1. Name, by its number, the condition in (1) within 24 Å of Ala360 (Cα to Cα); (2) in contact with a helix residue (DSSP H, G or I) (Cβ under 9 Å, 6 or more places away or on another chain) that does not hold for Gly424.
2. How many of the residues in the stretch 81-127 are more than 18 Å from Arg176 (Cα to Cα) and aliphatic (A, V, I, L, M)?
3. Of the residues Pro398, Pro426, which is closer than 27 Å to Gln342 by Cα and surrounded by fewer than 17 Cβ atoms within 10 Å (Cβ to Cβ)?
4. If the Cβ limit is 6 Å and pairs must be 6+ apart or interchain, which residue in the stretch 224-241 that is not assigned by TED's automatic domain parsing to the domain that holds Ala296 and of a type in the set (Lys, Arg) pairs with which residue that is surrounded by fewer than 24 Cβ atoms within 10 Å (Cβ to Cβ) and modelled with pLDDT of 95 or more?
5. Considering only residues that are surrounded by 22 or more Cβ atoms within 10 Å (Cβ to Cβ) and either polar (S, T, N, Q) or not assigned by TED's automatic domain parsing to the domain that holds Gly460 (or both), which ones fall in the stretch 402-423?
6. Do you know which residues across the stretch 238-274 are in a helix (DSSP H, G or I) and over 15 Å from the mean Cα position of the chain (by Cα)?
7. Show me the strands (runs of 3 or more DSSP E) found entirely inside the stretch 76-145 where at least 1 residues are in the same structural domain as Val58 (by TED's automatic domain parsing) and of a type in the set (Phe, Trp, Tyr).
8. Among all residue pairs at least 6 apart or on different chains, which show Cβ distances below 6 Å where the first residue, located in the stretch 443-468, is over 17 Å from Pro482 (Cα atoms) and the second is charged (D, E, K, R)?
Amino acid sequence: MARIEDYALIGDLHTAALVGRNGSIDWMCLPRFDSPACFAALLADSEAGRWLIAPANVDPANGGNSTRRQYREDTLVLDTEWEVEGGSVRVTDFMPVRDDAVDLVRIVEGLSGEVSMKMELVLRFDYGRVVPWVRKHGEGISAVAGPDSAYLTTHAPLEGRDNRTISEFTVREGQRVPFVLRWAPSHEPEPRRIDPARALANTSSFWREWIGRSEIDGKYKEAVERSLITLKALTYAPTGGIVAAATTSLPEQIGGPRNWDYRYCWLRDATLTLQSLLAAGYTEEAGAWRDWLLRAIAGDPADLQIVYGLDGARRLPEMDLPWLRGYENSAPVRIGNAAAPQLQLDVWGEVLDGLSLTRAASPTGTTDNSWDIQVALMEYLEGAWDQPDNGLWEVRGPRRHFTHSKVMAWVAADRMVKAVRESGLPGPGDRWANLRSTIHQEVMAKGFDEDLNSFVQSYGSKELDASLLLIPRVGFLPPDHPRVVGTVDAIQDRLTEDGLVLRYRTESGHDGLPGDEGVFLACSFWMVDALLGIGRTDEATALFERLLSLRNDVGLLSEEWDPRTRRQLGNTPQAFSHFPLIHCALQLQHGETHHSDTPLHDGGRGGSGGGRISENPSPAPGGQAAPDSQ
């Protein structure tokens, strides 16, 4: 099976597909990121669904990888090339940005000589479980099963063989053979056909125009802009929500059970998302994410979740798919996410931090139309902040008083105080200031261990946690405070493998799960941030550039890295890895750190505050009582 880093991403701002180095598309969900997969070979084998196009004389199961591949400059159009005996060939893969239909286009082009090719389409709806009924249909085939229908169009010869559609053909220099796969609900007519060449030109233009709006410059421009394109590709355009990753159940330990569904939108990503987009000048996308955030959290603050569906849906029931054996036998394969209803108090802080950031990035004098919701969230947190919770990492063991959760409760109070005192918004600023002081005193007394000279994961414990690196970033303490420096040193000494940062040590069993995991890439980016704040710039730069080297050949990062086997782990591409990449690159370029509620610089084109986001009136929060009636 291909390694996780062997996959590249293509998408249409509604869903995405993973394309392997061997020319096989092994993962795609239709019609949305969170829909059932029609190609699920990633989590089993080819019988679970895939679409292979490659030279006939290479074996995709035993190497068969392409000679080279790359995204066309500044696009999400993927070119994969093989040099084989007799000639060379290119396969270009892309998904046109969706209007009214789903299209996946693959164009085979002869570059030199003459190459025999093989195409194998294995459609399996409902995560590999359902074999569709396939019939000839004009210049191609149609496939129908339950709610799904798909249409393959090509002028290459097609034949059915063992519940697969096969095409064997020869491509010569200068010749192009296109294949277009379209999807539609089975009760609707066949979607209109597209011209592959025109679709390629339009798709390339879309991405080049989009990244052309970037305000990024400097040494890390390429890495940052590829990350921005990746984040855009993970955006569900109808709502503005950004999924954490395009996949489910890629393991955090090969063969282990730490396999989760990341095809949803986490509130915890809010501030990182907004800061990255605003710094690069993408105010429209930042505004769409903010609007998604406000719609999702509207309602009773007690019902705030950590994660929501693409459209803000709250019910994400978790279940196993036993007919899929999992990536490299890493079972179970899960869909849905049982962590959704967990109590994670830090989320209130992250939401209010993100909305504080958008307020800071809004034109002077703009009314904050989400203020009523923010007040309601703060009022709930006032009575809940001192409870034990499940913490940042969604542990499935007993709740504890996690230090990071308390710090983020402090952040919530701090941002609300600033909104009252600096922005003139109505609210009990003195009461919230007293709460801020109370939380700060408690964390300093209970969350720090004198023997370790470090903050600890939870009150009374001796365990370290990478989330403690965020203490200076959110403004709880100055970056050069002795306790911050001590925490950075302790984490470097006791919570790293091969110089990269773990989330926490799993040996304690406190997270309620067996097994181990790799190093969580976002945590090492947090270390870059902390080192820069301390003034250890050379060390921060070296670590950052090492992290850049862990990207795959087309610039993508998954969730984790295994320093022992030197391979990527976890769901991919991971937004939570690409957000801090952007953040760290810009801070290193400017040689200074920024608090999370302060807009970053705009990338070096002369601005000082990044993009400006407009405040649009938000829809009334359903079920939310007016402030004066609570």
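1. Unmet for Gly424, out of (1) within 24 Å of Ala360 (Cα to Cα); (2) in contact with a helix residue (DSSP H, G or I) (Cβ under 9 Å, 6 or more places away or on another chain): (2).
2. Residues meeting the conditions: 6.
3. Pro398
4. Arg226/Gly555
5. Thr403, Ser405 - these are the residues of the stretch 402-423 that are surrounded by 22 or more Cβ atoms within 10 Å (Cβ to Cβ) and either polar (S, T, N, Q) or not assigned by TED's automatic domain parsing to the domain that holds Gly460 (or both).
6. none
7. In the stretch 76-145, the matching strands (runs of 3 or more DSSP E) lie at 78-84, 87-94, 133-136.
8. Gln457/Glu463; Gln457/Asp465; Ser458/Arg400; Tyr459/Lys446; Ala466/Arg503
The values are calculated or read from the model by the stated rules, or taken from the named source; none is laboratory data. Small disclaimer: the values here were computed from a predicted structure and weren't measured. Ideal geometry is used to build each Cβ from the backbone, glycine not excepted, and the neighbour counts take in all protein chains shown.
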